[in-house]
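The values are calculated or read from the model by the stated rules, or taken from the named source; none is laboratory data. A quick note: this is a predicted structure, and the numbers were derived from the prediction, not measured. We place every Cβ from the backbone using ideal geometry, glycine too, and count neighbours over all the protein chains shown. To get the accessible areas, we keep the full protein, side chains included, count just its heavy atoms, and leave off ligands, DNA and RNA. Shrake-Rupley method; radii C 1.70, N 1.55, O 1.52, S 1.80 Å.
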Amino acid sequence: MRSIKDIYKIGTGPSSSHTMGPAFAANIFKQDHSAADSFTAILYGSLCKTGKGHGTDRAIVDALSPIPCTVVFSKEDPEDMKHPNTMDLIAYKEDEEIARQRFESIGGGDIVIEGRESRSVQEEIYMENSFAEIRQFCSFRYVDLVQYIELNEGKEIWDYLATVWEAMQKAIQDGLSKDGVLPGPLHVKRKAKFLLSQVPENNHAELRESQLVCSYAYAVSEQNADNGTIVTAPTCGSCGVLPAVLYYLKSKRNLSDEQILHCLGVAGLFGELAKQNASVSGAECGCQAEIGVACSMAAAAAGQAFGYSLDQIEYAAEIALEHHLGLTCDPICGLVQIPCIERNAVAAMRALNAANIAFFLTGTRNISYDMVLKSMYYTGLDMNQRYRETSEGGLARAYARKG
């Protein structure tokens with residue numbers, strides 16, 4: 001399994017698969033073909049259907065600048081297309097095609113380049129590839145998850161996660177400070193600042209917790225929707241869940257920075273397992289792969305913050321993901337706004353609930369995190385394509401037909 005750094009990428013929104021991934025691919029292609037004097041990008045599948053709303057064309061053009069690029073939204077997918085987020089980049093020299101390369105944006109900002117090995121042996125730093133294997137390793141060597149992470153990643157992982165935590169906190173603080181309307185035809189108003197202003201000072205403990213957590217989740221998600229700087233956790237569209245839970249718990253439980261970094265490490269472990277053994281791509285498996293995984297990461301982080309055992313942490317993550325199974329990805333107008341922003345807030349609260357349930361019922365469970373990951377993946381593959389980030393079904397379809 002790869003480093004948990006693979007899960008946490010600091011970048012700009014609104015989409016890890018539709019903006020970060022394509023921009024990364026464009027940069028590689030530009031470097032490989034520096035002699036070109038023009039480019040063409042052909043977008044297929046979900047990249048075509050929601051690329052305008054996600055800003056895919058803008059991300060590619062900006063990455064290839066100052067060399068001009070024509071972006072084509074192709075309604076016909078190639079017969080040999082393997083992933084719903086597929087694009088072809090073509091380089092020209094004086095109108096003559098000199099190179100063509102296919103890329104797949106597989107989620108979380110990662111790409112696969114056709115004909116190249118995507119994950120080299122050197123990138124695999126964990127010998128274990130399932131949580132069952134991780135549990136066995138920890139049990140035999142009498143180490144917890146934090147010690148397990150440091151054994152594999154080295155102590156420098158905590159410096160990396162410190163940078164991640166700084167970026168997460170800044171996204172919350174910046175989001176809470178802003179008013180106004182998010183870009184795009186929906187004219188969605190920012191709500192994070194308003195939510196925070198309504199938090200009751202005294203009594204109403206449950207309401208206070210809900211409004212604080214939700215305001216933090218809204219803040220990050222609104223920053224993402226406004227092309228601000230966020231951290232994938234595991235994606236841009238689900239970037240508000242984990243920071244909201246940790247920001248709230250840091251204050252409520254007076255957690256040290258070191259404890260927060262340990263929580264981020266544990267969360268990253270569950271996220272990387274999902275990325276390797278299932279998917280974190282809404283275009284491949286629906287929003288269960290984005291918000292569902294984000295919720296499981298946040299529930300695991302909460303379990304670590306509460307001092308849970310390894311089994312309790314796993315159960316918290318399993319509950320969180322299990323109850324997002326079948327969640328569709330149907331962004332209205334292809335924007336990462338409705339239902340995405342609100343969904344981050346709901347998932348943040350659900351993560352805390354999942355951690356609370358796990359505390360009492362861990363000894364009674366029958367389902368493992370590995371089982372739920374498999375179920376999530378196959379559920380996603382069985383899901384009608386309309387509900388996998390195409391804006392052709394669900395809320396997107398209902399909104400398009402209103403009136």
Inset, instruction - Mind listing whichever residues of region 43-57 are part of a helix (DSSP H, G or I) and closer than 10 Å to residue 22 by Cβ? - result: 47, 51, 54, 56, 57
Inset, instruction - Could you please let me know if residue 197 is within 30 Å of residue 389 (Cβ to Cβ) and either at pLDDT below 95 or in contact with a Ser or Thr (Cβ under 6 Å, 6 or more places away or on another chain) (or both)? - result: no
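Quick one: in region 32-68, which of the residues that are among the hydroxyl-bearing types (Ser, Thr, Tyr) and without any contact (Cβ under 8 Å) to a residue 60 or more places away in the chain is farthest from residue 97 (Cα to Cα)? I'd like the intermediate steps shown before the answer.
Start the filter on region 32-68 by keeping residues that are among the hydroxyl-bearing types (Ser, Thr, Tyr), which leaves 34, 38, 40, 44, 46, 50, 56, 65.
Next, from what is left, pick out any that are without any contact (Cβ under 8 Å) to a residue 60 or more places away in the chain: 34, 38, 40, 44, 56, 65.
On the way: 34: 14, 38: 10, 40: 10, 44: 20, 56: 23, 65: 18 Å.
Here the answer is 56.
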Inset, instruction - Of the numbered conditions (1) acidic (Asp, Glu); (2) under 17 Å from residue 265 (Cβ atoms); (3) touching a strand residue (DSSP E or B) at 6+ places or on another chain (Cβ under 6 Å), residue 123 fails exactly one; give the number of that condition. - result: (2)
Legend entry - Tally, over region 349-369, of residues that are more than 19 Å from residue 217 (Cα to Cα) and open to solvent by 30 Å² or more (accessible area, probe 1.4 Å): 10
Inset, instruction - Check region 39-60 and report whether any residue there is at pLDDT 95 or above and surrounded by fewer than 16 Cβ atoms within 10 Å (Cβ to Cβ). - result: no
Legend entry - Counted residues, region 308-347 - those being under 29 Å from residue 143 (Cβ atoms) and small (Gly, Ala, Ser): 4
Inset, instruction - From (1) in contact with a helix residue (DSSP H, G or I) (Cβ under 9 Å, 6 or more places away or on another chain); (2) within 30 Å of residue 73 (Cα to Cα); (3) at pLDDT below 95, pick out the condition that doesn't hold for residue 383. - result: (3)
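Pull up region 142-185, narrow it to residues that are out of contact with any strand residue (DSSP E or B) (no Cβ under 6 Å at 6 or more places or on another chain) and among the small types (Gly, Ala, Ser), then point me to the one that is farthest from residue 232 (Cα to Cα). Full working, then the answer.
Residues of region 142-185 out of contact with any strand residue (DSSP E or B) (no Cβ under 6 Å at 6 or more places or on another chain): 142-163, 165-166, 169-170, 172-180, 182-185.
Add one more test, that the residue is among the small types (Gly, Ala, Ser), and what stays is 154, 162, 175, 177, 180, 184.
Values: 154: 22, 162: 15, 175: 16, 177: 21, 180: 24, 184: 22 Å.
Here the answer is 180.
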Inset, instruction - Out of the residues in region 379-399 that are within 22 Å of residue 274 (Cα to Cα) and of a type in the set (A, V, I, L, M), state the one that is most open to solvent (accessible area, probe 1.4 Å). - result: 381
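Tell me whether region 75-82 contains one or more residues that are under 24 Å from the mean Cα position of the chain (by Cα), surrounded by fewer than 20 Cβ atoms within 10 Å (Cβ to Cβ) and under 19 Å from residue 275 (Cα atoms).
Start the filter on region 75-82 by keeping residues that are under 24 Å from the mean Cα position of the chain (by Cα), which leaves 81-82.
This time we only want the ones that are surrounded by fewer than 20 Cβ atoms within 10 Å (Cβ to Cβ), so: 81-82.
Right, trim to under 19 Å from residue 275 (Cα atoms) and you get 82.
Yes, region 75-82 contains at least one residue that is under 24 Å from the mean Cα position of the chain (by Cα), surrounded by fewer than 20 Cβ atoms within 10 Å (Cβ to Cβ) and under 19 Å from residue 275 (Cα atoms).
Go through the residues of region 10-17 one by one and say whether even a single one is touching a residue at least 12 places away in the same chain (Cβ under 8 Å) and under 15 Å from residue 101 (Cα atoms). Can you show your working first?
Going residue by residue through region 10-17, those that are touching a residue at least 12 places away in the same chain (Cβ under 8 Å) are 10-17.
If we keep only those that are under 15 Å from residue 101 (Cα atoms) as well, we get none.
Checked region 10-17: no residue is touching a residue at least 12 places away in the same chain (Cβ under 8 Å) and under 15 Å from residue 101 (Cα atoms).
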Inset, instruction - Tell me, please, whether a residue that is of a type outside the set (Val, Ile, Thr), in contact with a Leu (Cβ under 9 Å, 6 or more places away or on another chain), at pLDDT below 95 and within 20 Å of residue 14 (Cβ to Cβ) can be found in region 86-97. - result: no
Legend entry - Candidate set from region 156-205 (those that are charged (D, E, K, R) and in contact with a helix residue (DSSP H, G or I) (Cβ under 7 Å, 6 or more places away or on another chain)); member that is surrounded by the most Cβ atoms within 10 Å (Cβ to Cβ): 190
